[in-house]
Amino acid sequence: MAFNHSDLYRQKKFQQKNRQWRKGNLKFTSHKRSKTLQAVMTDAPTECDQFTHSSPLVSAQKISSNIRNGPLANYVPLFIMLQLGVITRENELLDEDKLEKQLKELKKAGVDGVMVDVWWGIIEGKGPKQYDWSSYRKLFQLVQKCGLRIQAIMSFHQCGGNIGDAVYIPIPEWVLAVGEKNPDIFYTNKSGNRNQEYVSLGVDNLPLFQGRTAIEMYSDYMKSFKENMSDFLEDETIIDIEVGLGPAGELRYPSYPETQGWKFPGIGEFQCYDKYLKQDFKTAAAKAGHPEWELPDNAGTYNDTPEKTGFFASNGTYLTEKGKFFLKWYSNKLIEHGDQILDEANEIFQGCRVRLAAKVSGIHWWYTDDSHACELTSGYYNLKDRDGYRPIARMISRHYGTLNFTCMEMRNSEQSAEAKCAPEQLVQQVLSAGWTENIDVAGENALPRYDRKAYNQILLNVRPNGVNENGQPKHKMAGVTYLRLTDELLERKNFRIFKSFVKKMHADQDYCRDITDLAPLQRSKARIPIDELLEATKPMKPFPWDEETDMSVGGALAEYLDSLLNKFFSILY
C-alpha cells in the first residue's frame, strides 16, 4: 500500500498507540472478525467491521490496517448533551464566558463533542419561514473554537413536560395558534385531552399550516438549517443530525405526559383520538372488512396497571383479532411517520459528511409483563412473540441511519420490581435489533448519573463482549451521548470519575478526532414495503452480553477511595 506524508505520520502515531496499548495490563478476549467492512472515509478509522448503512462501502485497501486492526478499532466516541436553556426562549446565548470555560474542560477531558437541541420553537417562532439562526451560529462558533464536534438535534418538540425538562420552550407560537382553531392537529387521548408537545402524525400530509403540511414544515426547517450552517457542515464541525420524530425528540406517541398527570410506572394511554387519526383507523378497518371496529375504549388511564384494564389484562383485548389489528395500525402509523421525515432529512443532507440518527425511547417498565403495556401505548408493538423494534431498525436502514436508544445506564436491580422493569434486557433487545439489521446503534443515559455503577453499565452496553486487542469487537456501539453538562458534573468529585469514564469509552486510547470522520451520506434506498418491514417482527434471541465490562471505572474499592479523597479535598478547600 502506498502512503503519502499524512498517511505515514498517521501510521507512526497509530504504531505508538499500539505499543502503549500492548504495554498496558488490559485483559482481552478473542473474537472472530467479520469479513466485510463498514463504510468509512478513506484512511479514517472504521466504525464497525461489519457492513452498516451509515456511508458508502470502500475498498479494504484504502483503510489503514493500523486503524482497522489495531486498538483504535475499540474506541467509541463520547459526546455530552449541553444543558437545556443554553439558547434561551428569547433566542439568546446564555452566559457565553461560562460555557466556553466548560467546553474547554470537556476538551481537556478528551470528550469528542457536544449534542445541541436546535429548537423549532425558537428558530421559527416569529412566523412561517421566519428563521433566526444567529444565536445558534454563535454557539456553534464557540464549540468549534474549543475544538469539539457537534451533534445537532432537529428538535420539533416542546421542551417542558418530560422527565428532566428544566425549562419551557413550546413549539412555534404560530403553530399553536393554528391549534387553537383546530385542536385536532394535536395528539389526543380517549378523554379528549390534547397534547401540545408535538404535532400529531395524523396531519403529516395535510396542508393545514399556512398552506404547508407538517412534513413540509419540518423539511423547510431542515433546509434552512443546512443553508445557514453550511460552513459548519463543510468543515465537519457538525457530524451528526438527529431528527426529532415525536415528544422528547423520540419516535413515539406522547403516551405518558407528566403535564396530564402521568406518574411512573403508569401504563400511559393511546394517543389517536383526534379526528384525523380516528378517520384513518375507520378507513383501515373498513378496508379490512370490519367497518364496525372502533378505537379501544377499555385501555384504562395514564396511571393504571395492566390488570386494571380490559385491554392489557390477561387474555385481554390486545390478544384478540380486533386488538391485534389496532396495534398493528397504531405502530405502523408511527413507522410511516418516521420514514417520511427521515426521507426528507436524508435528501436534504445527502452528500454531507454526517450521521443521520433517529431516537427510540427506552420504556423499560412493564417490559416483563405479558402485555408490555406502556410500550404498546407508546407505539412499540413489542411482545414476547413479536419484535417491535427491529421493524423500526429496518426502516432506519433504508436511510443509512443510526438508531439512538436511551436508558443505557439502567440496571434491573435499581428498578421497581412491582413495575416489572427490565432495562438491561430491553437494551439488549434493541441494540441486537439494530445490529441484526446492519445499522449503527448509539445511546444515551436516561437520567443524570455521576456514579461508577452507572458508568460501568454504559461501558458494558458499549462493547457487550469486551475489547479486542487485534481489531474491531464483534459488537460495538457507534457512539454515546452523556446527559448532560451541568455544574454538578463539573464538581471535582464527579468530574474526576467522569474523566475516567471518557478514557474507558475510548478503550484507554488518547483522544482521536479522526475516529468520528464519516463518508458522505448516500441518498435513501427505495421505500421498503410494509410486509417486508413486518417480516422483522419475528422474534430473535438477543446477542450475548458479558456479565460486566472489561473497561470498568472501578467498583467498591474505588468508591471507598473516592470518599477518602472527597474528605481530603473538603478539608483543603
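The values are calculated or read from the model by the stated rules, or taken from the named source; none is laboratory data. Small disclaimer: the values here were computed from a predicted structure and weren't measured. Cβ atoms come from the backbone with ideal geometry, glycine included; neighbour counts cover every protein chain shown. What goes into the accessible areas is simple: the full protein's heavy atoms, side chains included, and nothing from ligands, DNA or RNA. Shrake-Rupley method; radii C 1.70, N 1.55, O 1.52, S 1.80 Å.
List of remarks:
- Taking only the C-alpha atoms of segment 170-231, Rg followed by Dmax gives 13.2, 48 Å.
- Accessible surface of residue 98 - all protein chains present, 1.4 Å probe, nearest 10 Å²: 80
- Summary of packing: across the peptides 487-498, 281-292, 139-150, the per-residue average of other C-beta atoms within 10 Å ranks them, highest first, as 139-150, 487-498, 281-292.
- Overall, the chain carries a charge dipole of about 1880 debye about its Cα centre when +1 sits on the Cβ of Lys and Arg and -1 on the Cβ of Asp and Glu, all other atoms neutral.
- Our compactness index for the chain, the C-alpha radius of gyration over the empirical 2.2 N^0.38 Å, is 0.96.
- Stretched out straight at 0.36 nm per residue, the stretch from residue 416 to residue 205 would grow longer than its current Cα-Cα span by 71.9 nm.
- For segment 146-210 versus segment 122-139, the gap between their alpha-carbon centres in whole angstrom: 16
- Computed over protein heavy atoms with a 1.4 Å probe, the carbon and sulfur contribution to the accessible area of segment 300-446 reaches 41%.
- Restraint check, 359/541; 476/503; 476/525; 287/538, Cα-Cα greater than 18 Å: 359/541; 476/525; 287/538
- Percent carbon-and-sulfur accessible area, segment 65-135, ignoring ligands, DNA and RNA, probe 1.4 Å: 43
- Note on residue 166 and residue 495: with the Förster distance fixed at 22 Å, the Cβ-Cβ geometry gives a FRET efficiency of about 0.60.
- Label-to-label distance for residue 488 and residue 307 is 3.5 nm, based on points extended 7 Å past Cα in the beta-carbon direction.
- Scaling the Cα radius of gyration of segment 338-380 by the globular reference 2.2 N^0.38 Å produces a ratio of 1.69.
- Rounded to 5, the percent of DSSP beta bridges in the chain classed as antiparallel: 15
- Cross-link pairs beyond the 20 Å C-alpha cut-off, checked among 282/333; 108/138; 107/493; 107/138; 126/223: 108/138
- Where N is the number of residues in segment 442-555, Cα Rg divided by 2.2 N^0.38 Å: 1.32
- To the nearest 10, the accessible area of residue 551 is 0 Å² with a 1.4 Å probe.
- Probe 1.4 Å, protein heavy atoms only - accessible area per residue of the chain in square angstrom: 40
- Spin-label pair residue 384-residue 89: with each label point 7 Å from Cα along the Cα-Cβ axis, the two points sit 4.7 nm from one another.
- Packing here is the average count of other Cβ atoms within 10 Å per residue, and on that basis the peptides 501-512, 79-90, 435-446, highest first, run 435-446, 501-512, 79-90.
- Each residue, residue 531 and residue 336, gets one label point 7 Å from its Cα in the Cβ direction; the gap between the two is 1.7 nm.
- Accessible area of residue 138 (1.4 Å probe, protein heavy atoms only, ligands and nucleic acids ignored): about 100 Å².
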